[in-house]
1. Search the stretch 166-183 for residues that are touching a residue at least 60 places away in the same chain (Cβ under 8 Å) and pair each with any residue that is among the polar types (S, T, N, Q) and part of a strand (DSSP E or B) when their beta-carbon atoms are under 6 Å apart and the residues are at least 6 apart or on different chains.
2. Checking the condition among the acidic types (Asp, Glu), more than 23 Å from residue 104 (Cβ to Cβ) and free of Cβ contacts under 8 Å to residues at least 24 places away in the same chain, which residue from 141, 128, 147 passes?
3. Considering only the stretch 20-72, state which residues are of a type in the set (Ser, Thr, Tyr), modelled with pLDDT of 95 or more and farther than 17 Å from residue 103 by Cβ.
4. Please pick out the residue among 131, 138, 113 that is hydrophobic (A, V, I, L, M, F, W, C) and surrounded by fewer than 20 Cβ atoms within 10 Å (Cβ to Cβ).
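The values are calculated or read from the model by the stated rules, or taken from the named source; none is laboratory data. Everything quoted here is computed from the prediction, not taken from an experiment. Backbone-built Cβ (ideal geometry, glycine too); neighbour counts: all protein chains shown.
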Amino acid sequence: MRWLAHKYQLWIVNTASESQLYLWDNWKQLFPWVDKLVSLSPAKAFIRSVQAIQHENSRLGFGRMAWSRENNEKWTKQYREDESAKLGVSFYCTEIWAPDWNQVDRTGIPPDIFVQLYNHPSSQITREGLIIAIARSIAKENAAAIESAIAGISKIIPHSIVGKISRSWSPGSGFPNHIQDMNNWELHKVLEGRNEPSLAHRIRSIFKGRQ
């Protein structure tokens, strides 16, 4: 698809701590800032959340979720309100697409805004955080508002660090995956670009210890 070569400004807001950002008590603090970013697109945004009951292969259903506070409460709280079920729900990721992924796939028009809340419990560095991808034309026109929102998100996420790059949606420049499929190594690569020797040294030490 032609849109896969579309250029984006991309931010990673990452924490190595177990912060459970996917629970409403935590996500509701991030929601206003994410809402500011999503509103930069004139298109209606929609939410896709991947969660499952532990040790089961089937994904939990949430139905079609247009971007709203109510639906953000839905994906963070549904299946978790019962205390006995709460421990059995595994969270993998939640994505916000503007326009909706189905429209992007059907029309080939590139997304304006993409936000993913990721959760990698086994990672010592990229434990939880946000991937934020904004079409470069929109990013240039709204630079101050975007940087303010990124700073607000970073303050809320405990012990967070921020990495920033420009890239196309498709793989390139050393990235093997599309933006929505970025793995731990790719997240590390963006975070290392912050030119923080301590972080780079920590990443190398972890990988060396696994050899």
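1. Cβ pairs passing all conditions: 166/9.
2. 147
3. Once the filter is applied, which keeps residues that are of a type in the set (Ser, Thr, Tyr), modelled with pLDDT of 95 or more and farther than 17 Å from residue 103 by Cβ, the stretch 20-72 yields 22, 39, 49, 68.
4. So the residue among 131, 138, 113 that is hydrophobic (A, V, I, L, M, F, W, C) and surrounded by fewer than 20 Cβ atoms within 10 Å (Cβ to Cβ) is 138.
So that you can scan it fast, the table gives a plain yes or no per residue for (1) farther than 22 Å from residue 51 by Cβ; (2) in contact with a Lys or Arg (Cβ under 9 Å, 6 or more places away or on another chain); (3) in a strand (DSSP E or B); (4) among the hydrophobic types (A, V, I, L, M, F, W, C):
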position: 116; (1), (2), (3), (4): no, no, yes, no
position: 123; (1), (2), (3), (4): no, no, no, no
position: 131; (1), (2), (3), (4): no, no, yes, yes
position: 137; (1), (2), (3), (4): yes, yes, no, no
position: 140; (1), (2), (3), (4): yes, no, no, no
position: 144; (1), (2), (3), (4): yes, no, no, yes
position: 147; (1), (2), (3), (4): yes, no, no, no
position: 150; (1), (2), (3), (4): yes, yes, no, yes
position: 153; (1), (2), (3), (4): no, no, no, yes
